[in-house]
Amino acid sequence: MHITARAAADIDPLVEVLWRVHLGGYPAGWPDDPAAWLDPDGLLGAWVATDGDEVIGHVGLTVPAPGRMPSITRLFVEPDRRGAGVADALLDAAERACPGTHVRLDVTEETPAAWRLYERRGWRLTGRGPADWCKPTGEVPTLRYYAKRVG
Ligand SMILES: CC(C)(COP(=O)(O)OP(=O)(O)OC[C@H]1O[C@@H](n2cnc3c(N)ncnc32)[C@H](O)[C@@H]1OP(=O)(O)O)[C@@H](O)C(=O)NCCC(=O)NCCS
């Protein structure tokens, strides 16, 4: 498994991976334009995990608005490649990209596979609150907010 900076050619295979991840609930709603969803405003960097020619995971790092803390975003791993350290390796790459700074992220309460991983990696829970978006069912999920000083 290798971690590399995301290239334009990775987008189509990543959308395929994202579709299978979405069938398990992330993201809660399928984006109208999944390629644009992978490229949110303020993206500082994005990394992919590959195994041979296969793209198996992704993470992004963004500054959502000027003056805001960098934020981990769009972390996902191909469902049948989980539990083997792929997300760990992706987070290593994203955290290495901003040494000495505080980084934040938020994660829904209902995805313990994700927030357990963050807590194991030293991310600190700073609060909880309602999301500013709702699921296709209309339900507003509760988010857990995390921060970490990296590097
Ligand atoms: C959350 C997610 C990214 C984790 O990906 P992953 O590649 O399975 O993560 P890792 O393999 O690095 O770690 C997962 C578990 O496998 C374990 N693991 C890691 N390497 C391992 C290995 N070589 N052998 C056995 N287990 C291993 C880890 O200890 C970890 O266990 P824990 O969560 O109980 O601490 C993945 O489940 C996912 O894509 N979920 C859907 C999308 C999502 O929720 N994204 C987060 C949005 S904020």
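Since every read-out is calculated from the coordinates, none of them should be taken as a lab result. Just so it is clear, the structure is predicted and the values come from calculations on it, not from any experiment. We place every Cβ from the backbone using ideal geometry, glycine too, and count neighbours over all the protein chains shown.
How big is the range 1-82 in terms of Cα radius of gyration and Dmax, in angstroms?
Cα-based Rg and Dmax for the range 1-82 come out at 12.5, 39 Å.
Which order do the peptides 127-139, 7-19 come out in when sorted by mean C-beta neighbours inside 10 angstrom, highest first?
So the order, starting with the most tightly packed, is 7-19, 127-139.
In a Debye calculation with equal point scatterers on the alpha-carbon sites of the range 85-151 and no solvent, what is log10 I(q)/I(0) at q = 0.12 Å⁻¹?
Normalising to I(0) and taking log10 leaves -0.34.
Which value in deg cm²/dmol, rounded to the nearest 500, describes the helix-derived mean residue ellipticity at 222 nm for the chain, given -39,500 (n - 2.57) per DSSP H run of n ≥ 4 and division by the residue count?
It comes out at -6500 deg cm²/dmol, rounded to the nearest 500.
Could you list log10 I(q)/I(0) for the chain at q = 0.21 Å⁻¹, which the Debye formula gives when each Cα is one point scatterer?
-1.65
Whole angstrom only: what separates the Cα centroid of the range 107-151 from the Cα centroid of the range 67-92?
13 Å
Can you tell me the dipole magnitude for the chain around its Cα centre, using point charges on the Cβ only (Lys, Arg +1; Asp, Glu -1), in Debye to the nearest 20?
Result for the chain is approximately 880 debye, rounded to the nearest 20.
For the ranges 37-48, 70-81, what's the packing order if you count other beta-carbon atoms within 10 Å of each residue, average per peptide, and put the highest first?
Result, highest mean first: 70-81, 37-48.
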